[in-house]
Amino acid sequence: MALAAAFVALAGLATLFATPGASRAAGEFTDQFLNDPAVIETGKAVWNKRCKFCHGKTAYPGKAPRLDPSRYNPEFVFDRVTNGFKGMPSLKGEFNEDQRRAVTAYIMSGEFSN
Ligand code: HEC
């Protein structure tokens with residue numbers, strides 16, 4: 001009887017610990033996240049602070065391509081910002097994951113403009 005109770009308690013504990021990990025699928029870009037105005041605002045600040053210098057319309061011509069979000073998905077943008085690619089620097093050391101996810105949401109949003 002005591003053993004059965006212990007089992008029930010253990011199973012309960014296991015679900016308790018399993019649930020938070022499972023619900024927070026790391027790196028997933030949900031519609032809710034991508035459309036969150038606070039996230040987009042944070043992303044815009046990152047853009048203005050760092051990305052615009054190379055990608056903005058006032059950037060030195062040829063410094064970096066004009067971004068065309070219609071060709072991207074969020075995973076692609078996040079990967080470029082995180083890992084870099086050729087002339088594109090990795091910005092992992094400069095912006096934390098939340099900021100890199102936020103700038104991704106900004107670029108994919110209707111508010112984005114070069
Ligand atoms: C030092 C200049 C520089 C900065 C700063 C910079 N980029 Fe880039 N980025 C580049 C260059 C150059 C490329 C083109 C790399 C290639 O494909 O050869 C690029 C490519 C990209 C691409 C892929 C474009 C495509 O169509 O293939 C994305 C997305 C991107 N950058 C986003 C960002 C974001 C977001 C930031 C700010 C967090 C940023 N970049 C900051 C220079 C920069």
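Output wanted: per-residue J couplings in Hz (rounded whole) for region 90-97, from phi through Karplus 6.51 cos²θ - 1.76 cosθ + 1.60, θ = phi - 60°, x for Gly and Pro.
Per residue, the Karplus-derived 3J(HN,Hα) values read 6, 10, 4, x, 9, 10, 6, 4 Hz.
Give the calculated FRET efficiency between Tyr72 and Ala45 to the nearest 0.05, with a Förster radius of 25 Å applied to their Cβ-Cβ distance. Intermediate values should be presented prior to the final figure.
On the way: r = 20 Å, r/R0 = 0.81.
Computed FRET efficiency for Tyr72 and Ala45: 0.80.
On full extension of the chain, what length is gained from Ala38 through Glu111, given 0.36 nm per residue of separation minus the C-alpha to C-alpha distance?
Values: separation 73, 0.36 × 73 = 26.28 nm, distance 1.26 nm.
In short, 25.0 nm is gained.
Among the trypsin sites (Lys or Arg not before Pro) in region 71-114, which ones are in a DSSP loop with at most 16 other Cβ atoms within 10 Å of the Cβ? Mind listing them? Before the final figure, lay out each step's value.
Working: sites: Arg71, Arg80, Lys86, Lys92, Arg100, Arg101; in loops: Lys86, Lys92.
Sparse-neighbourhood loop trypsin sites (Lys or Arg not before Pro): Lys86, Lys92.
Since every read-out is calculated from the coordinates, none of them should be taken as a lab result. Remember, predicted model here, so these are calculated numbers, not experimental data. For neighbour counting, all protein chains shown are included, and Cβ atoms are generated from backbone atoms with ideal geometry for every residue, glycine included.
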